[in-house]
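Colleague: I'd like to ask some things about the structure below.
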Amino acid sequence: MHERDYASHSSGFLRTLLSVLGLIFVVVMLSWGLRTFVFQAYEIPSGSMEETIMPGDMVFSEKITYYGSSPAPGDIVTFEDPDPLSSGRILIKRVIAVGGQTVDLRDGRVYVDDVLQDEPYTRGEPSYALTPMAGIDISYPYTVPEGRIWVMGDNRTNSQDSRFFGAVRESSVTGRAIFIYWPLSNLGPL
């Protein structure tokens, strides 16, 4: 091989290598950007949202909605676990009430601002008060503080939610669950 051919071959290999490394960098940064600012995938570990979301389901939670607005009653949100012993764990529940609204549990039914809630997703299961975790004081009727939301699992008899850990800071919300993508048998919007 001539010296010129060798230099040309080395130069071509180096350009190809730099192109591949550049492409890998762009893909990694794009993936990071989408995951950080647009959406996140989660696997559901517990039955607290049954039958809406089943254990083992994989869901997408999008982040864009809450850049310009706050969570609203009925939204299914992902948020940081308020239990300080569960650092970094993400939970998923349904928003029942927002700051300024009053939640009451009467005879196993949920009332928000004295209006009985129509909650077909609970399949008629009762919504009783839970013993709050240590350091949390919850008595009903409970007025949700501004900047916080009251969340509950759809599986009311098997969910540690705001009845246990109190109202959740809006700032701890990481996204709005929008879609089950796995398993295919449960594929669909939330």
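Colleague: Residues of the range 160-175 being at pLDDT 95 or above, part of a loop (DSSP other than H, G, I, E, B) and out of contact with any strand residue (DSSP E or B) (no Cβ under 6 Å at 6 or more places or on another chain), which ones?
Modeller: G166
Colleague: Taking the condition assigned to a loop (DSSP other than H, G, I, E, B), of a type in the set (S, T, N, Q) and open to solvent by less than 60 Å² (accessible area, probe 1.4 Å), does S127 pass? Even if it seems obvious, please write down each step before you answer.
Modeller: Values: assigned to a loop (DSSP other than H, G, I, E, B): yes; of a type in the set (S, T, N, Q): yes; open to solvent by less than 60 Å² (accessible area, probe 1.4 Å): yes.
Yes, satisfied.
For (1) in a strand (DSSP E or B); (2) under 19 Å from P132 (Cα atoms); (3) open to solvent by 40 Å² or more (accessible area, probe 1.4 Å); (4) in contact with a strand residue (DSSP E or B) (Cβ under 9 Å, 6 or more places away or on another chain), each residue gets a yes or a no:
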position: S61; (1), (2), (3), (4): yes, no, no, yes
position: Y67; (1), (2), (3), (4): no, no, yes, no
position: S70; (1), (2), (3), (4): no, no, yes, yes
position: P82; (1), (2), (3), (4): no, yes, yes, yes
position: K93; (1), (2), (3), (4): yes, yes, no, yes
position: A97; (1), (2), (3), (4): yes, yes, no, yes
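Colleague: Oh, and also: All but one of (1) loosely packed, with under 12 Cβ neighbours inside 10 Å; (2) in contact (Cβ under 8 Å) with a residue 40 or more places away in the chain; (3) hydrophobic (A, V, I, L, M, F, W, C) hold for V115, so report the exception by its number.
Modeller: Answer for V115: the failing condition is (2).
Colleague: Here is a check on your reading of the model: is T143 surrounded by fewer than 18 Cβ atoms within 10 Å (Cβ to Cβ), among the polar types (S, T, N, Q) and on the phi < 0 side of the Ramachandran plot? Outline the logic, then answer.
Modeller: Values: surrounded by fewer than 18 Cβ atoms within 10 Å (Cβ to Cβ): yes; among the polar types (S, T, N, Q): yes; on the phi < 0 side of the Ramachandran plot: yes.
Considered against the rule, which asks whether it is surrounded by fewer than 18 Cβ atoms within 10 Å (Cβ to Cβ), among the polar types (S, T, N, Q) and on the phi < 0 side of the Ramachandran plot, T143 comes out as yes.
Colleague: Restricting to the range 42-59, what's the tally of residues that are surrounded by fewer than 18 Cβ atoms within 10 Å (Cβ to Cβ) and part of a loop (DSSP other than H, G, I, E, B)? Explain how you work it out, then say what you get.
Modeller: If we filter the range 42-59 for residues that are surrounded by fewer than 18 Cβ atoms within 10 Å (Cβ to Cβ), which is where we start, we get 43, 45-47, 51, 54-56, 58.
Retained after the next criterion (residues that are part of a loop (DSSP other than H, G, I, E, B)): 45-47, 51, 54-56.
Residues that pass the stated criteria total 7.
Colleague: A further question follows. If we keep just the residues of the range 1-26 that are modelled with pLDDT of 70 or more and open to solvent by less than 70 Å² (accessible area, probe 1.4 Å), which is nearest to R176 (Cα to Cα)? Full working, then the answer.
Modeller: We begin by selecting, within the range 1-26, every residue modelled with pLDDT of 70 or more; these are 11-26.
Now narrow it down to the ones that are open to solvent by less than 70 Å² (accessible area, probe 1.4 Å): 11-12, 22.
On the way: S11: 49, G12: 47, G22: 33 Å.
Ranking the qualifying residues of the range 1-26, first place goes to G22.
Colleague: Of all residues in the range 27-64 being at pLDDT 85 or above and β-branched (V, I, T), which is nearest to F179 (Cα to Cα)? Before you say what the answer is, go through the steps one by one.
Modeller: First, pick out the residues of the range 27-64 that are at pLDDT 85 or above: 40-64.
With β-branched (V, I, T) added as a condition, the list becomes 44, 52-53, 59, 64.
Values: I44: 12, T52: 11, I53: 10, V59: 5, I64: 14 Å.
Filtering the range 27-64 for residues that are at pLDDT 85 or above and β-branched (V, I, T), the one nearest to F179 (Cα to Cα) comes out as V59.
Colleague: Those residues that are in contact (Cβ under 8 Å) with a residue 60 or more places away in the chain, over 17 Å from P120 (Cα atoms) and of a type in the set (A, V, I, L, M, F, W, C), I need them from the range 136-164; list them, please.
Modeller: I149
The values are calculated or read from the model by the stated rules, or taken from the named source; none is laboratory data. Bear in mind the structure is a predicted one, so any value in this text is a computation, not a measurement. As a convention, Cβ positions derive from the backbone with ideal geometry for all residues, glycine included, and neighbour counts pool all protein chains shown. With ligands, DNA and RNA removed, areas are computed over all heavy atoms of the protein, side chains included. Shrake-Rupley method; radii C 1.70, N 1.55, O 1.52, S 1.80 Å.
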